[in-house]
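The values are calculated or read from the model by the stated rules, or taken from the named source; none is laboratory data. Given the structure is predicted, the values throughout are model-derived calculations rather than measurements. Here the Cβ positions follow ideal geometry from the backbone for every residue, glycine too, while neighbour counts run over all protein chains shown. Heads up: the accessible areas ignore ligands, DNA and RNA and are worked out on the full protein's heavy atoms, side chains in. Shrake-Rupley method; radii C 1.70, N 1.55, O 1.52, S 1.80 Å.
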Amino acid sequence: MLNDPRSHGLWEKTAPPPPPAPRLEEGVSADVVIVGGGYTGLSAALHLAQAGVDVRLLEAAEIGFGGAGRNVGLINAGMWVMPDDFPKELGPVYGEKLLDLLGNGPYLVRELIEKHGIACELEKNGTLHCAVGPGGMKELEERARQWQKRGAPVTLLDRAETERRIGTRAYAGSLLDMRAGTLQPLAYARGLAHAAVKAGAKLHTGSAVTGAGEANGRKVVKTAEGEVSADWIIVATDAYSTGPWETVRREQVHLPYFNLATAPLGDNLRRSILPSREGCWDTREILSSFRMDQAGRLIFGSVGALRGTGTAIHKAWSRRSLRRIFPQLGGVEFEAEWYGKIGMTDNALPRLHRFGRKVIGFSGYNGRGIAPGTSFGKLLARHILGHVAEADLPLPFTEPKEPGLRALKEAYYEAGAQFAHFAGERF
Ligand SMILES: Cc1cc2nc3c(=O)[nH]c(=O)nc-3n(C[C@H](O)[C@H](O)[C@H](O)COP(=O)(O)OP(=O)(O)OC[C@H]3O[C@@H](n4cnc5c(N)ncnc54)[C@H](O)[C@@H]3O)c2cc1C
């Protein structure tokens, strides 16, 4: 997007087109104005428009320009945080409510895809969290125990079953989560946009919000050439936030993450590597992820930015890693490469902010935004519609708080990933 082949890589090549969403060039009025065209904003727009609300969505660049068009496409249930740690961090009421919402998030994603006929390569065969060594297996055993006591459909797989499903002997075992799956992330965002437009929402791309205020008792947001006055503002700008709510971005530490896609694999390789197309990631601190797309491309990713010296280092390391994990692949060339910024919060849990009366938004999904963004967008719509009271929201409203040494931590993540991959970690 914006003439940068490393911004959305494969996803931009294979996603169906978005709906027309002309630049805002006039002053208009609406019931709700949504800022940001990712999963959170689009899901809110869809659910509000379906309820007959007059909605305008303003996106600075293009639909899916932020994390929504760049991610791995793993539709996860839950966060990195262990299930039992949710109530410890948020108290028993919010903790279990949030866990329940996140655990069921993938089902909402599936439901919307099916209901609106979104062509986004949905795979429903679950994800495999892969154990690196006995330490990784121990972590997964504990994760399995904590989810299973809540009735979640997760199963711990041993080394042999993991090998059968993935086509590698690299892992000591894995945790299969049947709620989860994979999709083509940009195609999903564009599909949500089509559904929202069909329901009556009006979308504008190339329309960055640069200012916000109040006039005649209504909220007003301004773009370069237009403005919207509305009763409510939804802020759905997350890690790519610019303009009046840049504070959302400043609350997070950005973790760069890249993906590389091979050309479609031949039939024999597709029979041996992920024949059932589960989405995978491992238990390492500097993790790796891999999955197939519908055409049989293997998509491999890890922490790092594909810029400067990082490009060559991360690509060389990825080739070495793929050879070790899947010796049957032989040498690989990559057909597409891209990267983005994952917004991490200090406790690895999302945030709900009120920036003023009737100005609200969720953010901070810590690399787990497909299902949460979709669920939170719907929830914001239901809250505005009066169907969910403030007391029933899954998070308390908190003030955005900038973490100490943010810039230093971000530089450390980017340089640290280069160092680790240059030094050539085993996987
Ligand atoms: C490389 C990478 C890998 C990831 N992998 C996964 C994964 O496998 N599974 C998963 O669930 N999640 C993953 N994530 C996280 C996920 O992509 C995000 O959490 C999700 O996209 C957040 O959705 P959102 O709608 O809140 O924000 P975004 O998708 O980031 O959308 C925000 C939008 O707001 C727009 N915007 C910002 N400021 C303004 C303004 N002033 N005016 C108008 N518009 C504005 C931006 O241009 C952007 O399009 C990954 C993220 C990255 C970057």
Q. Among LEU192, LEU329, LEU203, which one moves the most in a GNM of the chain with springs linking Cα atoms closer than 10 Å?
A. LEU329
**Q.** Per-bin percent of Cα-Cα distances, segment 288-415 [10 Å]
**A.** 10, 30, 25, 21, 11, 2
**Q.** Heavy-atom accessible area ranking, 1.4 Å probe, most first, across HIS194, HIS8
**A.** HIS194, HIS8
Q | Cβ charges +1 (Lys, Arg) and -1 (Asp, Glu), total dipole of segment 94-153, debye | A | 180 debye
Q) Per-residue HN-Hα couplings for segment 377-383, Karplus 6.51 cos²θ - 1.76 cosθ + 1.60 at θ = phi - 60°, whole Hz, x for Gly and Pro? A) x, 5, 5, 4, 4, 5, 5
Q: Please name whichever of ALA199, GLY217, ALA180 sits farthest to the positive end of the charge dipole of segment 147-232, dipole taken about the Cα centre and charges placed at Cβ: Lys and Arg +1, Asp and Glu -1.
A: ALA180
Q: Specify the residue with the greatest mean-square fluctuation among THR127, THR283, THR182, computed from a Gaussian network of the chain linking alpha-carbon atoms under 10 Å apart.
A: THR283
Q. What is the set of long-range amide H partners of GLU227 at a cut-off below 5 Å, with H atoms built 1.01 Å from backbone N?
A. GLU26, GLY27, VAL28
Q: Skip the ligands, DNA and RNA, and give the accessible area per residue of the chain with a 1.4 Å probe, whole Å².
A: 39 Å²
Q: Using only alpha carbon pairs under 8 Å that are at least six residues apart, calculate the relative contact order of the chain and give it in whole percent.
A: 25 percent
(Q) I'd like the carbon and sulfur percentage of the solvent accessible area for segment 286-419, probe radius 1.4 Å, heavy atoms only, ligands and nucleic acids excluded. (A) 54 percent
(Q) Sort 396-402, 79-85 by the packing proxy (mean of other Cβ within 10 Å over each peptide's residues), most packed first. (A) 79-85, 396-402
Q) In 5 Å bins starting at 0, how do the alpha-carbon pair distances of segment 384-427 split up by percent? A) 5, 16, 12, 11, 9, 8, 10, 11, 9, 7, 2
Q: Extending each Cα 7 Å along its Cβ direction at LYS138 and ALA415, get the distance between those two points in nm, one decimal.
A: 3.2 nm
Q.
Starting from the 7 Å offset along Cα-to-Cβ, what nm value, one decimal, do you get for the label separation of ASP4 and ASP84?
A. 4.2 nm
(Q) If you fit an axis through the alpha-carbon atoms of helix 133-148 and take the longest principal axis of the Cα set of the chain, what angle between them do you get, 0 to 90°, nearest 10? (A) 50 degrees
Q. Against the longest alpha carbon principal axis of the chain, how many degrees, from 0 to 90 and to the nearest 10, is the axis of helix 310-325 turned?
A. 50 degrees
(Q) Ignoring ligands, DNA and RNA, please state the percent of accessible area on segment 87-135 from carbon and sulfur, probe 1.4 Å. (A) 55 percent
Q: Have a look at TRP317, ASN259, ILE113 and report the one farthest towards the positive end of the charge dipole of the chain, computed about the Cα centre with Cβ charges (Lys/Arg +1, Asp/Glu -1).
A: TRP317
Q.
Starting from the 7 Å offset along Cα-to-Cβ, what nm value, one decimal, do you get for the label separation of LYS13 and GLU390?
A. 5.0 nm
Q: May I ask you to order 383-392, 107-116 by the average number of other C-beta atoms within 10 Å around their residues, highest value first?
A: 107-116, 383-392
Q: Rounding to the nearest 20 debye, state how big the charge dipole of segment 111-230 is about its Cα centre with +1 on each Lys and Arg Cβ and -1 on each Asp and Glu Cβ.
A: 200 debye
Q: Could you calculate the FRET efficiency of ARG324 with ASN216 from 1/(1 + (r/R0)^6), where r is the beta carbon distance between them and R0 is 56 Å, rounded to 0.05?
A: 0.30
Q: Would you work out the charge dipole size for the chain about its Cα centre, treating the Cβ of every Lys and Arg as +1 and the Cβ of every Asp and Glu as -1, and quote it to the nearest 20 debye?
A: 740 debye
Q. If r is the Cβ-Cβ distance from ARG164 to VAL93 and R0 is 35 Å, what FRET efficiency results, to the nearest 0.05?
A. 0.25
Q. Rounded to the nearest 0.05, what FRET efficiency do LEU408 and THR242 have when you use their Cβ-Cβ distance and R0 = 25 Å?
A. 0.70
Q | Highest-fluctuation residue, GLY151, GLY78, GLY37 considered, GNM on the chain with Cα pairs under 10 Å | A | GLY151
Q. What is the diffusion coefficient of the chain in µm²/s, taking the Kirkwood radius over Cα pairs and the Stokes-Einstein relation at 10 °C with a viscosity of 1.306 mPa s?
A. 73 µm²/s
Q.
If each DSSP helix of 4+ residues adds -39,500 (n - 2.57) and the sum is divided by the residues in the chain, what number results at 222 nm, nearest 500 deg cm²/dmol?
A. -11000 deg cm²/dmol
